[in-house]
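J.: Attaching a single structure in structure tokens format; questions to follow.
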Amino acid sequence: MTFIERLKERVGISASGLEKRKTVTFGDAAAVADGRFWSMMSVLTLAMAWYVGSALGWVNPIFWPSPASVWDQFISISGEGYRNFSLWEHVWASLYRILVGFSLGCLIGIPLGFAMGLSKVVRGCFDPIVEFFRPIPPLAFIPLVIIWSGIGERSKILLLFFAALWIMVIAARAGVGSVKLSKIHAAYSLGASKKQILWHVILPNSLPEIFTGMRVAMGVCWGTVVAAELVAAESGVGYMIMVASKFLSTDIVVLGVIIVGLIGYGIDILMRKLEAKLIPWKGKA
Amino acid sequence: MSELVVNNVSMIFDTPDGGTVEALRDLSFNLKQGELLSILGPSGCGKSTLLNIIAGFLAPTAGTVHMDSRELHGPGADRGMVFQQGALFEWLSVAENIGFGLTMQGRPKHEIRQTVNHLLETVGLRDFGNKAVYELSGGMQQRVALARCLANDPDIILMDEPLGALDALTREKMQGLVLKLWKETGKTIILITHSVEEALFLGEKLFVMAPRPGRIHKEYSLPFAEAGLTQDPREIRASTAFVEKREEILSMIWEMEEQIMGTAEV
């Protein structure tokens, strides 16, 4: 037994059952699915490298700060705040914009996508518009939204609404398209009305696609809000990073980046948990 | 007593390359309450088109379909459908699937529960009401589909290759269940199948259809379904009468296929 195998057994994450006896693992997705051991190792190694590297003075702290100074900044900013706002207020400012912009995008995008999936006229009218706006990065609209509504909350929310809208339209449209015709036919011959078919068949059937769209939209929104705050804002994690960089406070910049990464990761985990709970049939139909 | 009357139904449609297809030509037949009809034929003979016309999902280019004296336009709860697979609602439990039609019609909850429990019993899924449909095997899913259709108490049940995706053993079991339901409920049933054995076993009446144009090539009246209610199905399938009919129909269909494809190069 190799050292790694013994180590894995120690931590209780070695392959189990039939997986152990597989002779072909190259190209077998199930055989490579569980990489938790290696995840732990890679995170640990990175953390070690960072710690040791800065302790030995390999890089100038102006370019890359030590873990200790980032941690100190974290303690001090979460206590005293930064630029008139506490750390949590900065985080909340960014999250709030996302929640509002994303929700608006869903609120308009999902019904529009449904209408496009159900009506030839609506589809025909909106297809060119959706297909035109979809590939434009939302950040390209920053100058325009600033001209329209300044650097306050409204411009950010408008931008995020735009970012989420097209993704949700397309997800909802795809959701409607994924309904098997036999399900619709079955519902009709069971006596369901059009309205009932929309609510009890088409809507639940499209939930997996809509949820995938929501996950993508959330990711895009998070990236967009941070970038938008880098350009123009008065609060938010992106704003914090931008101001700190002007003072060469690399430790705060890195702290901001880590917070952005952790929250983005957290949102995705949350969405996936929610998905597993709400749509247990996904991928099993 | 309801009677289904199919009157001079034709179906012609255009193809993308500019041609036309005569999916059905001048088809007429009627089916009395409680009759069991199976329809067999090579692909392209229009059997699915016919079923979709009766179900009301397609409007024929000529001819009419009547239920008693009422002309049928569009789908309705009087004609239940059982599809091959994947027509169940995965977001609903087994019981909710079976009760779907009654729920949509706004029937009282206790009545729905009663009907669903009775049907779960009938199709042999007594303890499966709260299961999710995707947890069931293919055969069990088709039992749910049959029960869901019966819950609505339709005048006629249309089956579009309902057992086509099942393995041979499950398929035989399910054929027994279809016969049992036919006997117990007295419903009129039209069943489309690719399997000659199934068509013989599950058809009091059997239409062999031919393609180009789609039409009824030959009609049989068969004793096997009736016999299957009392005798061992395996014995019936092995009987000389059954085997002779099977060979006769098989060679008939082979001939049709050869006419379409040209002589097969083996």
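J.: Just one of A:SER193, A:SER182, A:SER149 is closer than 28 Å to A:LEU95 by Cα and of a type in the set (Gly, Ala, Ser); which is it?
T.: A:SER149
J.: Please find, within segment A:164-195, the residue that is nearest to A:THR212 (Cα to Cα) out of those that are buried (at least 24 other Cβ atoms within 10 Å of the Cβ) and within 14 Å of chain B (Cβ to nearest Cβ).
T.: Filtering segment A:164-195 for residues that are buried (at least 24 other Cβ atoms within 10 Å of the Cβ) and within 14 Å of chain B (Cβ to nearest Cβ), the one nearest to A:THR212 (Cα to Cα) comes out as A:GLY175.
J.: Here's something else I'd like to know. For segment B:165-221, give me every one of the strands (runs of 3 or more DSSP E) that falls completely inside it and has 2 or more residues that are assigned by TED's automatic domain parsing to the domain that holds B:THR61 and basic (Lys, Arg).
T.: In segment B:165-221, the matching strands (runs of 3 or more DSSP E) lie at B:215-221.
J.: What number of residues within segment B:59-104 are at the interface with chain A (Cβ under 7 Å from one of its Cβ atoms) and either touching an Asp or Glu at 6+ places or on another chain (Cβ under 6 Å) or among the β-branched types (Val, Ile, Thr) (or both)?
T.: 1
J.: Collect the residues in segment B:130-149 that are of a type outside the set (S, T, N, Q), surrounded by 20 or more Cβ atoms within 10 Å (Cβ to Cβ) and more than 11 Å from chain A (Cβ to nearest Cβ), keeping them in residue-number order.
T.: Result: B:ARG143, B:VAL144, B:LEU146, B:ALA147.
J.: Can you find a residue in segment B:35-53 that is of a type in the set (Lys, Arg), in contact with a strand residue (DSSP E or B) (Cβ under 8 Å, 6 or more places away or on another chain) and closer than 24 Å to A:SER182 by Cβ?
T.: Yes, segment B:35-53 has at least one match.
Rundown of residues vs (1) touching a helix residue (DSSP H, G or I) at 6+ places or on another chain (Cβ under 6 Å); (2) surrounded by fewer than 20 Cβ atoms within 10 Å (Cβ to Cβ); (3) not in a helix (DSSP H, G or I), yes/no style:
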{"position": "A:SER235", "(1), (2), (3)": "yes, no, yes"}
{"position": "A:GLY238", "(1), (2), (3)": "yes, no, no"}
{"position": "A:ILE252", "(1), (2), (3)": "yes, no, no"}
{"position": "A:LEU262", "(1), (2), (3)": "no, yes, no"}
{"position": "A:GLY266", "(1), (2), (3)": "no, yes, no"}
{"position": "A:LEU274", "(1), (2), (3)": "no, yes, no"}
{"position": "A:LYS277", "(1), (2), (3)": "no, yes, no"}
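J.: To continue, here is another question. Please return the ranges of helices (runs of 4 or more DSSP H) entirely within segment A:124-219 where 3 or more residues are more than 30 Å from A:VAL231 (Cβ to Cβ) and either in the same structural domain as A:LEU99 (by TED's automatic domain parsing) or without any contact (Cβ under 8 Å) to a residue 40 or more places away in the chain (or both).
T.: In segment A:124-219, A:153-177, A:181-189, A:194-197 are the helices (runs of 4 or more DSSP H) which contain 3 or more residues that are more than 30 Å from A:VAL231 (Cβ to Cβ) and either in the same structural domain as A:LEU99 (by TED's automatic domain parsing) or without any contact (Cβ under 8 Å) to a residue 40 or more places away in the chain (or both).
J.: Return the residues of segment A:250-270 that are touching a residue at least 40 places away in the same chain (Cβ under 8 Å) and closer than 18 Å to A:VAL91 by Cβ; say none if nothing qualifies.
T.: A:ASP251, A:ILE252, A:VAL254, A:LEU255, A:ILE258, A:ILE259, A:ILE263, A:GLY264, A:ILE267, A:ASP268
J.: Taking only pairs six or more apart or across chains, which ones have beta-carbon atoms under 8 Å, a first residue in segment A:80-96 that is touching a residue at least 12 places away in the same chain (Cβ under 8 Å) and assigned to a helix (DSSP H, G or I), and a second residue that is aromatic (Phe, Trp, Tyr) and surrounded by fewer than 18 Cβ atoms within 10 Å (Cβ to Cβ)?
T.: A:LEU87/A:PHE74
J.: Something else now. Looking only at segment A:259-285, which residues are within 14 Å of chain B (Cβ to nearest Cβ) and either in contact with a Phe, Trp or Tyr (Cβ under 7 Å, 6 or more places away or on another chain) or not charged (D, E, K, R) (or both)?
T.: Correct list: A:GLU275, A:ALA276, A:LEU278, A:ILE279, A:PRO280, A:TRP281, A:GLY283, A:LYS284, A:ALA285.
J.: Quick one: would you say A:SER206 is within 14 Å of another protein chain (Cβ to nearest Cβ), in contact with a Pro (Cβ under 6 Å, 6 or more places away or on another chain), under 29 Å from B:ASN97 (Cβ atoms) and small (Gly, Ala, Ser)?
T.: No: the conditions fail for A:SER206.
J.: Follow-up question, since we're still on this one. Could you tell me whether any residue of segment B:109-129 is within 13 Å of another protein chain (Cβ to nearest Cβ), over 25 Å from B:SER2 (Cβ atoms) and of a type in the set (Phe, Trp, Tyr)?
T.: Looking for residues that are within 13 Å of another protein chain (Cβ to nearest Cβ), over 25 Å from B:SER2 (Cβ atoms) and of a type in the set (Phe, Trp, Tyr), one finds none in segment B:109-129, hence no.
The values are calculated or read from the model by the stated rules, or taken from the named source; none is laboratory data. Everything numeric here is computed off the predicted structure, so don't read it as measured data. Neighbour counts are summed over all protein chains in view; Cβ atoms, including those assigned to glycine, are modelled from backbone coordinates with ideal geometry.
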